[in-house]
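What follows is calculated from the coordinates using simple rules that are stated; it is not laboratory data. Please read all numbers here as calculations on a predicted model, not as lab measurements. Neighbour counts are summed over all protein chains in view; Cβ atoms, including those assigned to glycine, are modelled from backbone coordinates with ideal geometry.
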Amino acid sequence: MHFKWLIVQLLLSLFILSTLNAQNDEVAMKKKSSETYQDLLTLFQDWRDFENPQLHNGAPDYRAATMAKMHEELKNYQARLTAIDTSGWTIPEMVDFQIVRAEMNGMDFNIRVLKPWVRDPAYYTSVWDYQSDTPAHEGPTNHALIELWTYTFPLDKPSEAKLTAELKTVPPLLEQARENLTGNGRELWIGGIGNLRDQASMLEGLKEQTATTGSAFKEALEKAHKATLSFVEWLEAESPKKTGPSGIGKENYTWHRHNVHLVPLSWEQEVDLLKRELSRAHSSMKLEEQRNIHLPPLEDIDNAEDFAKQIDASLKKYLAFLGEKKMLVMRDYMDSALRVKQVPFIPKDKRNFFLTAIHYEPNTLNTHFYHWWDLQRMEKLPHPSPIRRGPLLYNIWDSRSEGLATGVEEMFMHAGLYDDNPQVREIVWIMLAQRAARGLGSLYAHANIFTMKEARDYHVKWTPRGWMREDLDLLGFEQLLYMRQPGYGSIYVTGKYLIEELLTERSNQLKDKFVMADFFEEMDAIGLIPVSLIRWEMTGNDDQIRELTGKP
């Protein structure tokens, strides 16, 4: 009996010792993972400092020798990232690791393939007079942007000094561009001329807004304006020499999707998906028309007074719907964020595609303006990780930002937003058809199957009711943007698809515990990052990321 008691005591002691050792190991692992995650945060700051190029004659330096040197130095940052021991890390920490890896891949791709400073004259556009509804400007942009929309006129003295300094970067940057722009992509070249013409017009208009400024400001503005006009003349003179294609090809396109934007689809898969969505949108629109056959035609709003009333009524209805249906967690900034971005009444002959939709029912675009709530959340509820606190580089946020903004147009419709006005459902399908058509056009253009003219024609042909026309500025703007930024034309639909997949997987995972408002809140809280990473963090499923990174 005494012997058995000793055995029990020994086994109990071994169990306690084993438990203590496991606890000590866990504490040590957490301490180690905390230290190595801090290494990632340090690397992230070093990387962002490195990504912002040095100056040459007062402007960012994109000369060939400089970019070749940066490409070589990039390997050191990638090696530092690979050397970080991620054992014991949480999923959110691993997600941050993948974000940094994707950004570094973005620079590598830009230097190897996209080369906007070599191929894309629009890259040298510096002046912007509007705020993008996405985390950063859509498409490749240089590092010396002048955000006119952030200034209040007339300028106070500090603002005048700041804008003077910014304007001084324009002439040396455009002078450098003449050396750097050796690419042969004809359509990128021709398209970019329009962007620089717009810059010249903005600078001309700025003169009227700044008549009371000092001589230093006026001199900087005049030099920036003259440099832009001269650059436009140079681009036009060089344009006959440009004879090559502008698309990057299927293989490069797929590499960019997989390694930079972490979209688990190839060029071919995106084509198949957008074809399906184009057919679904058209057929669904026709079925809606049949459903509504006995209703009077939906009338657009044809005067400013009625339009203002409809804007107000639609916004109130939209927010009430979201709250009553428990679609979203309602926040106090939601009304004001949308209200200040409402468009004024536009005469029918001056409406582009989206303005046409708004003048039938403003909520067709209020849903898409989830964008403005995203930006408010970034400001008012910043993510705890500095890696996700600001915009990711290279438009890596696009699958979440554009995918959700497009996705909720249809999701909220299905949830009942237009039950009292069913003909608006037809417009939602028209909008999806337009997104699928323009995305397919851009995919074929990047594969050099279509010229950009053919992509525009396809875009027009497959947008219902003649709402997209060749004479609309929006048409050329969109197809040029999508040539400049591979994948942006299709991401509205592919991102929507990925979010629909996520909603399906998460609801199946939680079953009767699934709550729609919690789904959107959880997704929003994770941040404006690729949907594949959001999925990993929400569901714990990392199969897409393992496939994209080649990890078993």
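Assuming charge only on the beta carbon of Lys and Arg (+1) and of Asp and Glu (-1), the dipole of the chain about its Cα centre is about 720 debye to the nearest 20. Highest average first, the peptides 350-359, 458-467 ordered by how many other beta carbon atoms sit within 10 Å of their residues are 350-359, 458-467. Each listed q (0.10, 0.16, 0.22 Å⁻¹) maps to a log10 I(q)/I(0) for segment 102-242 from the Debye sum over equal C-alpha point scatterers, namely -0.36, -0.86, -1.37.
Taking N as the residue count of segment 327-367, its C-alpha radius of gyration divided by 2.2 N^0.38 Å amounts to 1.37. Normalised by 2.2 N^0.38 Å, with N the number of residues, the alpha-carbon radius of gyration of segment 321-437 equals 1.15.
Computed from the Cα positions only, the extents of segment 431-496 along the three principal axes stand at 27, 26, 18 Å, in decreasing order.
For segment 120-246, a crude dipole built from +1 on the beta carbon of Lys and Arg and -1 on the beta carbon of Asp and Glu, taken about the Cα centre, is about 300 debye to the nearest 20. Here segment 217-293 is treated as a sphere whose radius is the Kirkwood value from Cα pairs; by Stokes-Einstein at 37 °C and 0.692 mPa s it diffuses with a coefficient of 186 µm²/s. Short to long, the 10 Å bins of the Cα pair-distance histogram for segment 203-349 hold 8, 13, 16, 28, 26, 9, 1 percent of all pairs. Alpha-carbon geometry of segment 254-317: the Rg and the Dmax are 19.9, 51 Å, given in that order. The Cα center of segment 181-208 and the Cα center of segment 72-131 differ in position by 26 Å.
Within the set of other residues whose C-beta is less than 13 Å from the C-beta of THR42, count the net charge using Lys and Arg as +1 and Asp and Glu as -1.
Working: positive: ARG48, ARG80; negative: GLU35, ASP39, ASP46, ASP49, ASP96.
Its environment carries a net charge of -3.
Listed peptides 132-140, 38-46, 432-440 appear in the order 432-440, 132-140, 38-46 once ranked by packing, highest mean of other Cβ atoms within 10 Å at the front.
Hey, could you get me the Stokes-Einstein D for segment 251-549, Kirkwood radius over alpha-carbon pairs, 37 °C and 0.692 mPa s, rounded to whole µm² s⁻¹?
Calculated translational D: 164 µm²/s.
Extension gain for the segment THR150 to MET516, taken as residue separation times 0.36 nm less the Cα-Cα distance, is 128.2 nm to one decimal. With the convex hull of its Cα atoms as the shape, the chain has an orientation-averaged projected area of 32.1 nm². Charging the Cβ of each Asp and Glu at -1 and of each Lys and Arg at +1, and nothing else, the dipole of segment 240-354 about its Cα centre rounds to 360 debye. Return the whole-Å distance between the Cα centroid of segment 314-339 and the Cα centroid of segment 450-474. Using only Cα atoms, the two centres lie 34 Å from each other. Between segment 371-440 and segment 482-552, the alpha-carbon centres lie 13 Å apart. May I ask for log10 I(q)/I(0) of segment 81-180 at q = 0.11, 0.12, 0.25 Å⁻¹, from a Debye sum over the Cα atoms as equal point scatterers with solvent left out? The Debye formula, applied to the Cα set alone, gives -0.54, -0.62, -1.30. Only helices enter this figure: runs of n ≥ 4 DSSP H residues, each worth -39500 (n - 2.57), summed and divided by the residues of the chain, yield -21500 deg cm²/dmol at 222 nm to the nearest 500. Peptides 488-501, 72-85, 241-254, ordered by how many other C-beta atoms sit within 10 Å of their residues on average, highest first, read 488-501, 241-254, 72-85. From zero up to wherever the largest Cα-Cα distance of segment 277-386 sits, split into 5 Å bins and tell me the percent of pairs in each. Pair shares across the bins are 2, 10, 16, 18, 17, 17, 12, 5, 2, 1, 0, 0.
Principal semi-axes of the equivalent ellipsoid, √(5λ) from the alpha carbon gyration tensor of segment 68-116, are 25, 13, 5 Å from largest down.
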